[in-house]
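Everything below concerns the one structure shown next.
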Amino acid sequence: MDEVAKAVEECARAAKLAAPSLAAASAEAVDAALTGMAERLLAHRDEILEANQADVERAKADGMSAGLLDRLTITPERLTGMAEQLRLLAGAPHQERSVDVSTLDGGLKLVERRRPVGVIGANYEARPNVTVDVASQLVKSRNAGVLRTGSAALGSAQRLREVVIAPALTEAGIDADCVQLVPRVEREAASALVRLPNLVPLVILRGSGDSTRALATEAAVHGVRTLAHADGGGVLYVDRGADVTKVRDLVYASLDRLGVCNRLNLLLIHEGIHDDVWPGIAEALAERGVTPSLAPHEHAIGYEWALDSDREATVTVAKVGALADAVEIANEQTSGLAAGIATEDTSAADAFFDGYTGTGVFWNAPTRLLDGFKLLAVPETGINLDKVPGPRGPVTYTDLYVRQYAVLPA
């Protein structure tokens, strides 16, 4: 076994050994651990920011783009926000561990028991806040975890585990080994993580589309299930019944951050209103420093600009002749993450909602809202786009369990 695979397996075995400590923890202990993480984030603010700054400086020297640097950076304000999210998660209700389903013949009853998966892996990009988001969701759901982050954020992630996550778990009486962080920077660590079905049966995958799809394929070969967030890009369709002022504000609000999956990526404008709304749209784009990519396009219409380090400050713009055309494009030529309609026409909004099959659909609201914290008031482990039964959309602690059916005397 090579050294990278060995390091990943060691983390997985340690997490599995520690998993029973977390699975059996009381609700009070779990919430105390999360509250302790929030307190430690603030108490160790300076050293966390120092470790993050070192990561940022190395990434700058390596030529990382501005958008990716934004994702990598922990600002004082973002750190305070991370602590607040942990406190809110600590106060969120726990999943019912046992739910009565029905009464059976013979004086029996059927109960659905909700059990932790055991150990869940997570592979994610260079975003230090995701280390806390994922770890906290796993702890709340009583699942041990093996986390593997991009090399650019490893220093920040290690400091967060050392001074925030592990000590808070220990103080709450939970084995700190239940949250592991792979210490290797090599990309091969991600592949190693999806090859351990007996230790890590489920892996959360976040990152660029191609790399995540490749990992999902490899995981399937090895019998590991995945919750994948491979592609993104929000769509906004401007209907002929749209309010010009609202369109301008929607475009502006949808581009507050460029390196995120739920930003405005594709703008479809009904040809009957194009000339009326374009001045306001152009103004909003200019204020955000974003360039429109106009027809004829030299790229796929659903191309995700957030993943283009050289041209991420771009939005694709296209005219359409009808609402049905916009729905078809959103369904067939984009990732299916999220699409919105700008209109004052209720029937048009209903038709758009009925036609679009993606994960999130919005009416006079930005697709930036497709986020666990913004929608559900808890952090997410990622946004799942699967078109099969199971957790879809922002995945939170309430999704990370397996069902067990129990029959017992009534």
For segment 140-175 the number of residues that are part of a helix (DSSP H, G or I), polar (S, T, N, Q) and in contact with a strand residue (DSSP E or B) (Cβ under 9 Å, 6 or more places away or on another chain) is 2
Which condition number does ASP310 fail, the rest of (1) closer than 30 Å to ASN129 by Cα; (2) in contact with a Ser or Thr (Cβ under 9 Å, 6 or more places away or on another chain); (3) not in a loop (DSSP other than H, G, I, E, B) being met? (3)
Taking ASP231 and the conditions (1) at pLDDT below 95; (2) not β-branched (Val, Ile, Thr); (3) not in a loop (DSSP other than H, G, I, E, B), which numbered condition does it fall short on, given that it satisfies the others? (3)
Taking segment 230-247 and keeping only residues that are more than 19 Å from ALA348 (Cα to Cα) and open to solvent by 20 Å² or more (accessible area, probe 1.4 Å), one is left with ASP231
Looking only at segment 96-139, which residues are in contact with a helix residue (DSSP H, G or I) (Cβ under 6 Å, 6 or more places away or on another chain), at pLDDT below 95 and in a loop (DSSP other than H, G, I, E, B)? ALA126, ARG127
Does any residue in segment 137-156 that is over 22 Å from PRO394 (Cβ atoms) come within less than 9 Å, Cβ to Cβ, of a residue that is surrounded by 24 or more Cβ atoms within 10 Å (Cβ to Cβ) and of a type in the set (Ser, Thr, Tyr) six or more places away or on a different chain, and which pairs are these? SER156/THR131; SER156/THR149
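Can we say LEU255 is aliphatic (A, V, I, L, M) and not in a strand (DSSP E or B)?
It is true that LEU255 is aliphatic (A, V, I, L, M) and not in a strand (DSSP E or B).
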Could you grab me the full set of residues in segment 346-364 that are open to solvent by less than 20 Å² (accessible area, probe 1.4 Å) and either out of contact with any helix residue (DSSP H, G or I) (no Cβ under 9 Å at 6 or more places or on another chain) or in a helix (DSSP H, G or I) (or both)? ALA348, ALA349, PHE352
Residue identified as under 17 Å from GLN137 (Cβ atoms) and β-branched (Val, Ile, Thr) among VAL30, VAL4: VAL30
Within segment 289-306, considering residues that are free of Cβ contacts under 8 Å to residues at least 40 places away in the same chain, in a loop (DSSP other than H, G, I, E, B) and closer than 21 Å to TRP278 by Cα, the one most open to solvent (accessible area, probe 1.4 Å): PRO296
I'm told ALA18 meets every condition in (1) modelled with pLDDT under 95; (2) over 25 Å from the mean Cα position of the chain (by Cα) except one. Can you identify the failing condition by its number? (1)
State all residues of segment 160-191 that are open to solvent by less than 10 Å² (accessible area, probe 1.4 Å) and under 23 Å from the mean Cα position of the chain (by Cα); if no residue qualifies, say none. LEU160, VAL164, ILE165, CYS178, VAL179, VAL182, ALA189, ALA190
If I filter segment 27-40 for residues that are within 24 Å of VAL146 (Cα to Cα), in a helix (DSSP H, G or I) and in contact with a Pro (Cβ under 7 Å, 6 or more places away or on another chain), do I get at least one hit? yes
Using the structure shown, decide if ALA152 is more than 18 Å from the chain's Cα centre (by Cα), within 24 Å of ALA19 (Cβ to Cβ) and among the aliphatic types (A, V, I, L, M). no
Selection count, segment 365-405, where residues are open to solvent by 50 Å² or more (accessible area, probe 1.4 Å) and either of a type in the set (Lys, Arg) or within 23 Å of ALA253 (Cα to Cα) (or both): 9
Those residues of segment 94-107 which are loosely packed, with under 13 Cβ neighbours inside 10 Å and either touching a Ser or Thr at 6+ places or on another chain (Cβ under 6 Å) or within 29 Å of HIS44 (Cβ to Cβ) (or both) amount to none
All positions within segment 198-216 that are open to solvent by 60 Å² or more (accessible area, probe 1.4 Å) and under 16 Å from the mean Cα position of the chain (by Cα): ARG213
Just wondering, is there one or more residues in segment 16-30 that are open to solvent by 80 Å² or more (accessible area, probe 1.4 Å) and of a type in the set (S, T, N, Q)? no
With (1) modelled with pLDDT of 95 or more; (2) buried (at least 20 other Cβ atoms within 10 Å of the Cβ); (3) part of a helix (DSSP H, G or I) as the list, and GLU10 as the residue in question, which single condition is left unmet? (2)
Do we find a residue being touching a residue at least 24 places away in the same chain (Cβ under 8 Å) and within 30 Å of ASP105 (Cα to Cα) anywhere in segment 339-347? no
Are there any pairs with C-beta distances below 7 angstrom linking a residue in segment 240-254 that is within 19 Å of LEU323 (Cβ to Cβ) to a residue that is of a type in the set (Gly, Ala, Ser) and open to solvent by less than 40 Å² (accessible area, probe 1.4 Å), with the two at least 6 apart or on different chains, and if so which? GLY241/ALA348; ALA242/ALA342; VAL244/GLY280; LYS246/ALA342; VAL247/GLY280; VAL247/ALA342; LEU250/ALA342; VAL251/ALA284
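The values are calculated or read from the model by the stated rules, or taken from the named source; none is laboratory data. Keep in mind that what you see is a predicted model, and the values were worked out from it rather than measured. Don't worry about glycine lacking a Cβ; one is built from the backbone with ideal geometry, like all the others, and counts go over all protein chains shown. Note: accessible area is taken over every heavy atom of the protein model, side chains too, but ligands, DNA and RNA are not part of it. Shrake-Rupley method; radii C 1.70, N 1.55, O 1.52, S 1.80 Å.
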